[in-house]
Amino acid sequence: RRREAVRAWRAPGRTADGTEVQLLANVQDGATARKAVEGQADGVGLFRTELCFLSAQTEPSVDEQARIYGEVFAAFPGRKVVVRTLDAGSDKPVPFANHEDENNPALGVRGIRLNWTNPGLLDRQLDAIAEAARQAGVATPWVMAPMVATIDEAYEFAGACRGRGLKPGIMVEVPSVAVMADEFIAEVDFFSIGTNDLTQYVMAADRLSSPLAALTTPWQPAVLRMVSMAAEAGRRAGKPVGVCGEAAADPLLACVLAGLGITSLSMAEAAIPAVGVQLASVTMDRCRDAARQVLAARNAPDAKRLAASLLTASR
Ligand code: PEP
Ligand code: MG
């Protein structure tokens, strides 16, 4: 019956009592965007631009970049598309951008920090995104920076975006941003929480290490408390806070995130209908109650068990 419901599910995402939660797709190029639009994605919550360039030995020109980004805008006319600037480095090295041999690449020159070793890289990418948006007729494209750790970075990124008519946001994946969430959200128009890296950095556990899988689950209460801090700051400021890490694709966790005040969930396109079905089966009050109780859990297995019993038992 559940499989039938998943197949029949149609956008938009909403709880049983009608509160909308945008369900968006994570994409990496025009082809994955076109596939997402055939499914039930409301838009794109994370366009991982670095994945377009994993084998590029030289930096593509602004025109070439604009052509690539334009394919994603073209797939979702009139819909929300959030472009992330290059998150090259660590598990996703890009030949033209990552030059250093680092002992700890996850803690090294990656994401927005690339601009320190590649002056102008970010400006050229923002020019390309603005040009692609102009050609596609997108009025105010959403653009976000990965791996932001300081308020100065957020301030400078926002200035560079606004000067080009882009709507600036930052990813929340370094714990410093969650801890000082009110100050950070004041600088930008939105947050998108990357639970994969946030978990890695909160738990000090490599996200690719299978022996550490018990630590790198986003059900860790410490991670969920950081998500809550970011969501609360967004609520106070009246600005949207989404989640674009793997956590968003877990139907039970998606309900908990909605209950914490997260306004959009971005995930692999194939995961959207199952999340949509689960969300539609519970009221927002029930999501909030589950979120409250899960935040008080002592460990990840307890958090998950609690959510399962609070969100699946019939009432
Ligand atoms: C994340 O860190 O959760 C995220 C969405 O970004 P990526 O997985 O690309 O690092
Ligand atoms: Mg990340």
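The values are calculated or read from the model by the stated rules, or taken from the named source; none is laboratory data. In this text, all values refer to a predicted model and were calculated from it rather than measured experimentally. Ideal geometry is used to build each Cβ from the backbone, glycine not excepted, and the neighbour counts take in all protein chains shown.
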Run Arg113 past the list (1) within 16 Å of ligand 2 (Cβ to nearest atom); (2) among the basic types (Lys, Arg); (3) not in a helix (DSSP H, G or I) and report the number of the one that doesn't hold. (3)
If I filter the range 289-315 down to residues being closer than 25 Å to Met171 by Cβ and not small (Gly, Ala, Ser), which single residue comes out as surrounded by the fewest Cβ atoms within 10 Å (Cβ to Cβ)? Leu295
Restricted to the range 240-263, and to residues that are in contact with a Leu (Cβ under 6 Å, 6 or more places away or on another chain) and closer than 19 Å to Val27 by Cβ, which residue is farthest from ligand 1 (Cβ to nearest atom)? Ala254
Conditions (1) within 20 Å of Ala145 (Cα to Cα); (2) at pLDDT 95 or above: number failed by Ser210: (1)
Just to be sure before I move on: is Ala36 more than 25 Å from Leu265 (Cβ to Cβ), surrounded by 20 or more Cβ atoms within 10 Å (Cβ to Cβ) and in contact (Cβ under 8 Å) with a residue 12 or more places away in the chain in the structure I sent? no
Against the conditions (1) buried (at least 16 other Cβ atoms within 10 Å of the Cβ); (2) of a type in the set (Asp, Glu); (3) within 14 Å of ligand 2 (Cβ to nearest atom), where does Asp91 fall short? Just the number, please. (1)
Considering only residues of the range 1-28 that are in contact with a strand residue (DSSP E or B) (Cβ under 8 Å, 6 or more places away or on another chain) and outside any strand (DSSP E or B), which is surrounded by the fewest Cβ atoms within 10 Å (Cβ to Cβ)? Pro12
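Here is a yes/no grid of residues against (1) surrounded by fewer than 24 Cβ atoms within 10 Å (Cβ to Cβ); (2) part of a helix (DSSP H, G or I); (3) in contact with a Cys (Cβ under 8 Å, 6 or more places away or on another chain):
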position: Asp87; (1), (2), (3): no, no, no
position: Pro95; (1), (2), (3): yes, no, no
position: Asn103; (1), (2), (3): yes, no, no
position: Ala106; (1), (2), (3): yes, yes, no
position: Gln135; (1), (2), (3): yes, yes, no
position: Phe157; (1), (2), (3): no, yes, no
Can Glu131 be described as part of a helix (DSSP H, G or I), more than 20 Å from Thr263 (Cβ to Cβ) and within 16 Å of ligand 2 (Cβ to nearest atom)? no
Scanning for something part of a helix (DSSP H, G or I), of a type in the set (D, E, K, R) and within 16 Å of ligand 2 (Cβ to nearest atom), does the range 187-205 turn up at least one residue? yes
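So that you can scan it fast, the table gives a plain yes or no per residue for (1) modelled with pLDDT of 95 or more; (2) part of a loop (DSSP other than H, G, I, E, B); (3) within 16 Å of ligand 2 (Cβ to nearest atom); (4) hydrophobic (A, V, I, L, M, F, W, C):
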residue	(1), (2), (3), (4)
Thr216	yes, yes, yes, no
Arg235	yes, no, no, no
Ala247	yes, no, yes, yes
Gly259	yes, no, no, no
Pro273	yes, no, no, no
Cys287	yes, no, no, yes
Val294	yes, no, no, yes
Leu310	yes, no, no, yes
Does Asp182 count as charged (D, E, K, R), over 25 Å from Asp127 (Cα atoms) and either modelled with pLDDT under 95 or within 16 Å of ligand 2 (Cβ to nearest atom) (or both)? no
Looking only at the range 137-148, filter to residues that are within 11 Å of Leu166 (Cβ to Cβ) and surrounded by fewer than 21 Cβ atoms within 10 Å (Cβ to Cβ); which one of those is farthest from ligand 2 (Cβ to nearest atom)? Ala139
Condition set surrounded by fewer than 21 Cβ atoms within 10 Å (Cβ to Cβ) and free of Cβ contacts under 8 Å to residues at least 40 places away in the same chain, scope the range 161-184, selection nearest to Thr195 (Cα to Cα): answer is Ser176
